[in-house]
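Presented below is the structure to which this report refers.
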Amino acid sequence: MSTRTLQQIIPSITTSDGGGVKLRRSLGQNQTLRVDPFLMLDEFSSTDADDYIAGFPDHPHRGFETVTYMLDGHMLHQDHLGNQGDLKSGGAQWMTAGRGIIHSEMPQQESGRMRGFQLWINLPAKEKMKPASYQDVQPEEIPIVNLPDGGQVKIIAGIAEIDGQTIAGPIQGISTGVLFLDVHLPVGGRFDHTVDAMHNAFVYPYEGQVEMGPIGNRRSLASQTAGVLSPGDRIEIQAVDQAAAFLLLAGRPLGEPIVQYGPFVMNTREEIEQAMTDYRNGQLV
Ligand code: FE2
């Protein structure tokens with residue numbers, strides 16, 4: 001067993017997207033800051049409706065998958081097929097854009113607060129043109145495991161092994177075998193977890209800071225910063241001075257060329273041009 005160390009730190013930057021939604025972007029703030037297969041991680045967090053009320057009006061996607069996870073508030077969504085839904089506080093949505101989807105995502109506050117994440121995950125070349133699909137996950141479908149020292153783990157996607165139990169999250173079947181955990185630790189709390197040695201992994205604390213790595217090589221990771229981990233099959237994380245909450249993501253790297261133009265993520269420039277032509281001609285979806 002080798003414990004992964006903190007290899008690269010990607011502080012989030014404040015930016016805006018969609019109709020002018022203010023957000024913090026760590027992965028994906030430029031095209032060199034990705035962790036294959038993860039393309040982008042956005043965190044939305046605001047108590048001011050002006051920061052997000054314009055939402056993400058109708059926009060297209062092609063060539064990848066997204067997981068949206070809401071902590072507070074909710075997200076109304078609607079797509080070109082006429083599907084609509086309301087992603088609730090504590091719930092998640094898994095969308096496979098595949099060959100194309102055109103949708104709107106409109107954040108709504110609850111008790112004055114809106115907070116959540118959107119993660120973009122690449123699709124392998126052979127699956128980029130598959131039909132679009134999505135799945136809404138209700139908050140009560142997300143398993144919660146209590147840790148012996150008072151911490152708590154929510155399993156949003158993939159399969160976690162915690163204290164000898166194997167627990168499957170509601171989202172299964174992301175092409176790159178993604179594990180998506182939301183972990184809360186009290187002061188001094190610790191979380192050790194086995195991860196597939198072939199998967200890339202990163203951690204994103206959104207409250208408090210954590211320390212990671214094996215004893216003798218611990219490094220601290222600040223809040224709202226993505227910490228990319230070295231290869232290994234085990235992760236050790238501790239909240240030292242303050243309680244912490246963080247996302248832990250792991251997935252199988254694709255090792256394929258990436259050409260991205262805004263909401264289109266393909267393997268070649270020609271495929272991007274095709275996506276733009278298809279969108280212009282109403283043939284994206
Ligand atoms: Fe979108």
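The values are calculated or read from the model by the stated rules, or taken from the named source; none is laboratory data. Computed from a prediction, not measured in an experiment: that's the story for all the values here. Quick reminder, even Gly has a Cβ in these numbers, built from the backbone with ideal geometry, and neighbours come from all protein chains shown.
Mind checking which residues of the range 7-53 are within 16 Å of the ligand (Cβ to nearest atom), in contact (Cβ under 8 Å) with a residue 24 or more places away in the chain and hydroxyl-bearing (Ser, Thr, Tyr)? Of everything in the range 7-53, just one residue is within 16 Å of the ligand (Cβ to nearest atom), in contact (Cβ under 8 Å) with a residue 24 or more places away in the chain and hydroxyl-bearing (Ser, Thr, Tyr), namely Tyr52.
Looking only at residues of the range 3-55 that are at pLDDT 90 or above and aromatic (Phe, Trp, Tyr), we find that the one that is nearest to Leu248 (Cα to Cα) is Phe38.
Residues that are farther than 17 Å from Gly98 by Cα and touching a helix residue (DSSP H, G or I) at 6+ places or on another chain (Cβ under 9 Å) do not occur anywhere in the range 56-69.
Examine the range 35-44 for a residue that is farther than 24 Å from Thr96 by Cβ and out of contact with any Ser or Thr (no Cβ under 9 Å at 6 or more places or on another chain), and state whether such a residue exists. Within the range 35-44, none of the residues are farther than 24 Å from Thr96 by Cβ and out of contact with any Ser or Thr (no Cβ under 9 Å at 6 or more places or on another chain).
Set side by side, the residues Ile121, Ile174 differ, and just one is under 15 Å from the mean Cα position of the chain (by Cα) and modelled with pLDDT of 95 or more, which is Ile121.
For (1) without any contact (Cβ under 8 Å) to a residue 60 or more places away in the chain; (2) surrounded by 23 or more Cβ atoms within 10 Å (Cβ to Cβ); (3) under 21 Å from the mean Cα position of the chain (by Cα), each residue gets a yes or a no:
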position: Tyr204; (1), (2), (3): no, yes, yes
position: Gln209; (1), (2), (3): yes, no, yes
position: Gly213; (1), (2), (3): no, yes, no
position: Arg219; (1), (2), (3): no, no, no
position: Ala222; (1), (2), (3): no, no, yes
position: Thr225; (1), (2), (3): no, no, yes
position: Leu229; (1), (2), (3): no, yes, yes
position: Arg234; (1), (2), (3): no, no, yes
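Number of residues in the range 80-106 that are surrounded by fewer than 19 Cβ atoms within 10 Å (Cβ to Cβ) and within 13 Å of the ligand (Cβ to nearest atom) equals 2. Could you check the range 210-232 and list, in sequence order, the residues that are in a loop (DSSP other than H, G, I, E, B), at pLDDT 95 or above and in contact with a strand residue (DSSP E or B) (Cβ under 6 Å, 6 or more places away or on another chain)? Answer for the range 210-232, where residues must be in a loop (DSSP other than H, G, I, E, B), at pLDDT 95 or above and in contact with a strand residue (DSSP E or B) (Cβ under 6 Å, 6 or more places away or on another chain): Ser223, Gln224, Ser230, Gly232. Taking the criterion of being crowded, with 19+ Cβ neighbours inside 10 Å and either assigned to a strand (DSSP E or B) or more than 16 Å from the ligand (Cβ to nearest atom) (or both), the only residue of the range 272-281 that qualifies is Ile272. Taking the range 237-262 as the range and being farther than 30 Å from Leu147 by Cα, assigned to a loop (DSSP other than H, G, I, E, B) and either in contact with a Leu (Cβ under 9 Å, 6 or more places away or on another chain) or modelled with pLDDT of 95 or more (or both) as the test, the residues that pass are Leu254, Gly255, Glu256, Pro257, Ile258.
Considering each residue of the range 28-37 in turn, at least one proves to be among the basic types (Lys, Arg) and closer than 23 Å to Tyr134 by Cβ. Restricting the range 54-65 to residues that are surrounded by fewer than 20 Cβ atoms within 10 Å (Cβ to Cβ) and over 20 Å from Glu110 (Cβ atoms) leaves a set whose member that is nearest to the ligand (Cβ to nearest atom) is His59.
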